[in-house]
Amino acid sequence: MFVLTVDQRGSTGRPDRVPEVLARLEALLADRPGVVVPFDRTVGDEVQGVLDDPATVVDVVLDLLRDGGWSVGLGAGDVDEPLPAVSREASGEAFVRARDAVEQAKSRAATAPVAVRGEPPERAAEVEALLRLLAAVVERRTDPGWEAVDTLARVGGTQKDVARALGVSEQAVSQRLRAALWPEEAAVRPVVARLLGELQGEPPQDRREGRG
């Protein structure tokens, strides 16, 4: 199971953005699998949710990093079941790890405001490194690049469809996507999801069966 603990950056003296990010996450997750406990406010300017689909976790983390206003802690591991309706009432190893991760993500030493904790630690470190690399790509993407990437995601077709939607040439779309490093990001995302899935370990029923 994956727990995401997300804390607003530089919140002192700034407006509370929790309602905004909760609405954003609800829209993002509306058609995606893997939401176990929806995101909700835990305390102060922090939100938390529980997911079980690695690809969805990657989507959420990168969307939050794109926004730029959040420190993201990702904890992978067991949770105490049955899970309650809201994550602030839940417990388990994944929650402890997510708390440790978000504190690390808030550190000024972090190259990007995201940290990952799980077993084995070396796999968690690999996931964290790749997420930070993708965060650097996202941070440097221009508005025209985002327009092309977002339109491609929305229309779900070819670059020709994107060109038609934007009213520009296919060559212009191709140039924007290349400059945005979209082909590289698209290739790395499933790798991150696969490595993240390895942090979950065996399902509980499989572990019980293996005890003989």
Using a 1.4 angstrom probe and counting only protein chains, how large is the accessible area of Ser11 in Å², to 10?
40 Å²
Might you tell me the accessible area per residue for the chain, computed with a 1.4 Å probe and given in Å²?
52 Å²
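Ignoring ligands, DNA and RNA, what percent of the 1.4 Å accessible area of the chain is carbon and sulfur?
Values: 5430 of 10940 Å².
Summing carbon and sulfur atoms, their accessible area is 50 percent of the total for the chain.
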Can you run phi through the Karplus equation (6.51, -1.76, 1.60; θ = phi - 60°) for region 183-188 and list ³J(HN,Hα) in whole Hz, with x for Gly and Pro?
x, 5, 4, 4, 6, 7
Between Val86 and Ala27, what length comes free when the chain is fully extended (0.36 nm per residue of separation minus the Cα-Cα distance, one decimal in nm)?
19.4 nm
Quote the accessible area belonging to Thr158 in square angstrom, nearest 10, computed with a 1.4 Å probe and with ligands, DNA and RNA left uncounted.
80 Å²
Can you compute the modelled spin-label distance between Ser169 and Asp150, with each label point 7 Å from Cα toward Cβ, in nm?
2.5 nm
Let me have the relative contact order for region 92-209, percent, based on Cα pairs under 8 Å that are six or more residues apart.
23 percent
Grab the DSSP H runs of the chain that are 4 residues or longer, score each as -39,500 (n - 2.57), total them, divide by all residues and round the 222 nm result to the nearest 500 deg cm²/dmol.
-16500 deg cm²/dmol
Which residue fluctuates the most in the chain, going by a Gaussian network model with Cα springs under 10 Å, if the choices are Val60, Val18, Val149?
Val149
Over every pair of different alpha-carbon atoms in the chain, take the mean of 1/r and invert it; report that Kirkwood radius in Å.
18.1 Å
Obtain the nm distance between the two label points defined at Thr111 and Val36 by a simple spin-label model: each point lies 7 Å from its Cα along the Cα-to-C-beta direction.
3.0 nm
Between Trp182, Trp70, Trp146, which gets the highest mean-square fluctuation from a Gaussian network model of the chain, Cα cutoff 10 Å?
Trp146
What distance in nm lies between label points placed 7 Å from Cα along the C-beta direction at Asp143 and Asp16?
3.2 nm
For the chain, modelled as a Gaussian network with Cα springs under 10 Å, which listed residue fluctuates most, Ala76, Ala112, Ala90?
Ala90
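The values are calculated or read from the model by the stated rules, or taken from the named source; none is laboratory data. This one's a predicted model, so the numbers in the text were calculated from it and none came from an experiment. As a convention, Cβ positions derive from the backbone with ideal geometry for all residues, glycine included, and neighbour counts pool all protein chains shown. Surface areas here come from the heavy atoms of the whole protein model, side chains and all, with no ligands, DNA or RNA. Shrake-Rupley method; radii C 1.70, N 1.55, O 1.52, S 1.80 Å.
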